[in-house]
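> I am attaching a structure below and will ask some questions about it afterwards.
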Amino acid sequence: MGLGLDLKLPWDLPTDFQFFQDVTTKTSDPQKRNATIMGRKTWESTPPEICPLPGRLNVVLTKANSLNISNDDNVLVCSSMESALEILAAEPYSMSIERVFVLGGGDLLRDYMNAPSCDAIHLTEIDISVPCDSFAPRVDTCLYRPWYSSSPTMENGTRYSFNTYVRRKDPVVGGVGTEEYWFLPKMVFERHEEFGYLNLIQNVISNGDMSDNGTTLSKFGSQMRFNLRKTFPLLSTKKVFWLGVVEEILQLIRCSTNLKKKGMWDNDGASEYLDSQEFSQVADMINKIKDSTNDRKIMLSACNPLDLKLSIPPCQTLAQFYVANGELSCQIYQSSIEASLGVPFSIAAYSLLTCIIAHVCDLVAGDFIHVIGEAYVNTADVKTIQKQLQISPKPFPILKINPEKTKIESFEDSDLELLLHKER
Ligand SMILES: NC(=O)c1ccc[n+]([C@@H]2O[C@H](COP(=O)([O-])OP(=O)(O)OC[C@H]3O[C@@H](n4cnc5c(N)ncnc54)[C@H](OP(=O)(O)O)[C@@H]3O)[C@@H](O)[C@H]2O)c1
């Protein structure tokens, strides 16, 4: 949680700086601007070419009377956080300020990051070890839930990710739509990964191809991405039958030996190998993940060509696993799937499989990527989907896996628990 050293930032991340500029400057009302509150040392460490921060009201906290700031409409000096918030809540600022951001440094964040008036924390988590002399407190995960966490990105040799945490809101008993996250800047609000799914169903019902008999609408070719590092993508705008998800994946693990007969490996001479011995795809996959993290063909096929002869073929699923940086990611391909119930269920099921396999292989779960051939909805469900599209997503839950379990065959449903917040 280091913030700086010798009044400077110990890293050079232009994309992070751009995010900081965008999130603190942009407003939804063009007539308004945001306020940025900072400690005196942060003010003094801001490079002269961007000091005061342009397009924002700069509020500087100091207990000293001697701060030498020339008269500037963009700067306000206050002797305490309380007086700063009082001034901002009164006219004329109450009419012209949209949001208030506390920038730091350490003194301010220690006092206010976990305070009740703080709705959200935007934290760029930088994966390096460098000396620092100013520190922020840890995010109290009993108070905050992750809203969005980007997959890690590399810049100037440094790995980092963007994260937004929102203050936990307990649903009011009997209340309707009690959890609203309108206070987030639009550019952050829209980063919630559930919007990937909502855009998919919106696209199917608005632009889908109608089947000949008029019963379904479908779109061909889509991809969604979910980050499993901090949260678990159990969609929040739709009820997903979690116990069913768990049962499906535990069943897939138990039955993996029954999928041995044929699969997509037939073409490269693997059928002899499959026929010659009892073969568990899941066990084979786990061995490959543990033994050879550079294997780029770690596949699981839940697609039995014999089933294609049935009148209702199952949704064909092919999963590929990938290990890098101590993380396990999974991409699945599904040829045809119902988007209203089937897609949310599949997202949860294969994310769960990825998390379980990562757990037994001592890896961190990374990304889950869902590639869909045909996504379709029944025309009878269009009205229900339109209603669903009016609902705002809520923070995803956190998956807790029983740490005692290390063998994939030994998992039971009680070993997998979804929490709305991380336990201390
Ligand atoms: N990584 C980031 O995102 C980030 C963000 C901001 C800053 N930084 C880094 O953090 C470092 C500076 O932070 P810092 O922790 O050393 O100092 P700081 O918090 O910026 O400034 C401390 C000073 O602010 C004033 N102050 C703090 N709390 C106050 C309060 N409640 N009421 C009135 N005055 C208050 C006092 O000024 P007086 O002594 O004048 O009374 C205090 O000495 C720099 O290295 C900077 O680059 C990093």
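> Pull out the extension gain between Met95 and Asn213, defined as 0.36 nm times the separation in residues minus the alpha carbon to alpha carbon distance; nm, one decimal.
36.8 nm
> Let me ask another. Can you find, among Tyr333, Gly157, Leu300, the residue sitting farthest towards the positive end of the charge dipole of the chain, where Lys and Arg contribute +1 and Asp and Glu -1 at Cβ?
Tyr333
> Run the dipole for region 335-424 about the Cα centre, Lys and Arg Cβ at +1, Asp and Glu Cβ at -1, nothing else charged, and hand back the magnitude in debye, nearest 20.
I would put it at about 440 debye.
> While we're on this one: Just to confirm the number: angle between the C-alpha axis of helix 281-291 and the first principal axis of the chain, 0 to 90 degrees, nearest 10?
In the chain, helix 281-291 runs at an angle near 50 degrees to the longest axis.
> Sticking with this one: Among 349-361, 70-82, what's the highest-first ranking by average C-beta atoms within 10 angstrom per residue?
Output ranking for 349-361, 70-82: 349-361, 70-82.
> For Cα pairs less than 8 Å apart in space and 6+ apart in sequence, what is the mean separation divided by the residue count of region 2-189, i.e. the relative contact order in percent?
23 percent
> Cα-Cα pairs above 33 Å in the chain: how many percent?
Pairs farther apart than 33 Å: 45 percent.
> Same structure, new question: Explain nothing, just the number: dipole magnitude of region 2-189 about its Cα centre with +1 on each Lys and Arg Cβ and -1 on each Asp and Glu Cβ, in debye rounded to the nearest 20.
It comes to approximately 220 debye.
> Using only Cα atoms, find the angle between the long axis of helix 242-254 and the longest principal axis of the chain, and express it within 0 to 90 degrees, rounded to the nearest 10.
50 degrees
> Hey, another quick one. Could you give me the radius of gyration and the Dmax of region 1-57, taking only the C-alpha atoms into account and expressing both in angstrom?
According to the Cα coordinates of region 1-57, Rg and Dmax are 12.5, 37 Å.
> Please list, ordered by chain and number, the residues whose modelled amide H lies under 5 Å from the amide H of Asp367; skip anything fewer than 5 residues away on the same chain.
Residues meeting the amide H criterion: Leu228, Ser329, Cys330.
> Sticking with this structure for a sec: Can you compute 3J(HN,Hα) from phi for each residue in region 19-26, using the Karplus curve 6.51 cos²θ - 1.76 cosθ + 1.60 with θ = phi - 60°, rounded to whole Hz and x for Gly and Pro?
Values, residue by residue: 4, 4, 4, 5, 5, 8, 9, 5 Hz.
> Nearest 10 degrees is fine. How inclined is helix 342-360 to the longest principal axis of the chain, computing both from alpha carbons?
That helix lies at roughly 90 degrees to the long axis.
> Considering the dipole of the chain built from charges on the beta carbon (Lys and Arg +1, Asp and Glu -1) around the Cα centre, which of Leu243, Phe411, Ile253 is farthest to its positive end?
Leu243
> Another question about this same structure. Can you tell me the dipole magnitude for the chain around its Cα centre, using point charges on the Cβ only (Lys, Arg +1; Asp, Glu -1), in Debye to the nearest 20?
Here the chain has a charge dipole of around 400 debye.
> Expressed as a rounded percentage, what relative contact order does the chain have, with Cα pairs under 8 Å and six or more residues apart?
RCO, the chain: 15 percent.
> Of all DSSP beta bridges located in the chain, what percent are antiparallel, nearest 5?
Rounded to the nearest five, the antiparallel share is 65 percent.
> So what's the convex hull volume per residue for the Cα atoms of region 2-189, in Å³?
Taking only Cα atoms, region 2-189 has a hull volume of 143 Å³ per residue.
> What per residue convex hull volume, in Å³, do the alpha-carbon atoms of region 45-107 yield?
Output value, Cα hull per residue: 105 Å³.
> Also, quick follow-up: Using alpha carbon centroids, what distance separates region 71-108 and region 176-228, in Å?
What the calculation gives is 38 Å, centre to centre.
> Give a residue-ordered list of calculated ³J(HN,Hα) values for region 162-167 (Karplus: 6.51 cos²θ - 1.76 cosθ + 1.60, θ = phi - 60°; whole Hz; x for Gly, Pro).
These are the phi-based 3J(HN,Hα) values: 8, 9, 10, 10, 10, 4 Hz.
> To continue, here is another question. Which ³J(HN,Hα) values, rounded to whole Hz and listed in residue order, are derived for region 216-223 from phi using the Karplus coefficients 6.51, -1.76 and 1.60 in 6.51 cos²θ - 1.76 cosθ + 1.60 with θ = phi - 60°, glycine and proline given as x?
9, 10, 9, 10, 10, x, 8, 9
Values quoted throughout were computed directly from the atomic coordinates according to the rules given, and no laboratory measurement underlies them. Note that this is a predicted model, so its numbers are computed, not measured. Here the Cβ is made from the backbone with ideal geometry for all residues, glycine too, and neighbour counts use every protein chain on show.
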